[in-house]
1. Around Val32, which amide H atoms from residues at least 5 apart in sequence, or from another chain, sit under 5 Å from its own amide H, with H modelled in the peptide plane?
2. I'm a student and want to see the number: the projected area of the Cα convex hull of the chain, averaged over all directions, in nm².
3. What is the distance, in nm, between label points placed 7 Å from the Cα along the Cα-to-Cβ direction at Tyr153 and at Lys108?
4. Which value in Å does the Kirkwood hydrodynamic radius of region 56-152 take, with 1/r averaged over all unlike C-alpha pairs and then inverted?
5. Could you list Val32, Val132 so that the one with the fewest beta carbons within 10 Å of its beta carbon is first and the one with the most is last?
6. Which residue fluctuates most in the GNM of the chain (Cα springs below 10 Å): Ser85, Ser44, Ser157?
7. Compute the separation of the alpha-carbon centres of region 79-138 and region 34-63 and state it in Å as a whole number.
8. Place a point 7 Å from Cα of Asp162 in the direction of its Cβ. Which residues in region 28-57 have their backbone N less than 20 Å from it?
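What follows draws every value from the coordinates through simple rules; no lab data is involved. Source: prediction; values computed, not measured. Glycine gets a Cβ as well: all are built from the backbone with ideal geometry, and neighbour counts include every protein chain shown.
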Amino acid sequence: MRICKIAVIGSFLFWSIFVCPASGADVAKIGVVDFQKIFDASVSGKKIKAQINKKGKEMELDLKEKGAAIEDLKKRLEKESLVMSKEMQIEKQREFRIKINDIKALQKKYEREIQGLQKRLIGRIKKDVLTVIDEIGKKQGYLLIIEKIGVLYAPNSLDITDQIITQYNKNYTKKSKAAQ
């Protein structure tokens, strides 16, 4: 009798600890998203790239023009240095160094502007994409959606980037049409 009670209690514990949780557990649905791919393939990402490239080319052209002007000034200084007084040469060389420093400062300013523009525009895309990811995650019952950057391995079946891009492009198109 006592052995029978122990067997019943033991089997009850076995079922409650091992079998019941396993049968009631949901399959963990996990997704992986590649933000770089979203940026590269989405409509707004392509527009932002074009906008940043255009701004960068304008800045680069401006720097080249100023660099050419400095090169001309350098050549003029070399030619005129033979007929200039020592004080005048020192003054012109000082002006030349100041112009070089001005161009370096302008280049750094342009780099900061481009980085700020990238950060602002990419941040806007990321915010919109996170909204899409949240919607898809809730609709399709994902337990976890992670960014691909920190993942060492994930099978392609977990990658939902293309699905995110499709939905994001739809939302972006609707938003663009509504703004017009």
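1. Ile146, Asp159, Ile160
2. 20.4 nm²
3. So the two model labels end up 4.7 nm from each other.
4. About 18.1 Å for region 56-152.
5. Val32, Val132
6. It is Ser85.
7. When both Cα centres are located, 17 Å separates them.
8. Only 30-46 fall inside the zone, counting backbone N under 20 Å.
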